Each structure stands twice: as C-alpha cells, then as structure tokens.
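The values are calculated or read from the model by the stated rules, or taken from the named source; none is laboratory data. Nothing here was measured: the structure is a model prediction, and the numbers come from that model. Don't worry about glycine lacking a Cβ; one is built from the backbone with ideal geometry, like all the others, and counts go over all protein chains shown. Heavy atoms of the whole protein, side chains included, go into the accessibility calculation; ligands, DNA and RNA do not. Shrake-Rupley method; radii C 1.70, N 1.55, O 1.52, S 1.80 Å.
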Amino acid sequence: MKEIMAERLRMCRKKFGYTQMQAAIYSDITETAYENYERAKQLPRLDILVRIADMYQVSLDYLAGRTDDPRPI
C-alpha cells in the first residue's frame, strides 16, 4: 500500500503543478514528512491523509489503492 500511495501522491502533486513544499504547506505538514510519504518511507496519519485527499480532490480509497476512480464520494 505504501508504494501505491506514494505513486498516487506524486501523480496528483504533478497534476496540480505543486512542489513538495507547496503540497506540504497546503497539508499543514513539514516538507520532510511529505517527501517521506512520496518515497514510501512512511504512511500519513488519517487526519493528514484527509487533508491531502481534500487538497487533490480525490478519495481516500484512491490514495490507498483500493480503487482506480479518483473521484471523492
């Protein structure tokens, strides 16, 4: 799951044209934390994951790899 989430975080960030620093600021986390999520070194806590999903306008299931449909419910 870490690898799928890391890949989808990178794809979403690039789609929106954000740097890792911008994504971190919008998610209210450090750049290092966000970088660790994209490198599959850590998984974000649920509250952070919700903020990231909201920022990218995708569902939690999409980020977790449970569906290929990115649309939020």
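Numerical summary
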{"read-out": "q = 0.11 Å⁻¹, the chain: log10 I(q)/I(0) [Debye, one scatterer per Cα]", "value": "-0.21"}
{"read-out": "Length gained when the stretch Arg51-Lys15 is fully extended (0.36 nm per residue, less Cα-Cα span)", "value": "11.3 nm"}
{"read-out": "Dipole moment magnitude, nearest 20 debye, the chain about Cα centre, only Lys, Arg, Asp, Glu C-beta charged", "value": "120"}
{"read-out": "Qualifying trypsin sites (Lys or Arg not before Pro) for the chain [loop in DSSP, other Cβ within 10 Å: at most 14]", "value": "Arg39, Lys41, Arg45, Arg66"}
{"read-out": "Accessible area per residue in Å² at 1.4 Å probe, computed on the chain", "value": "63"}
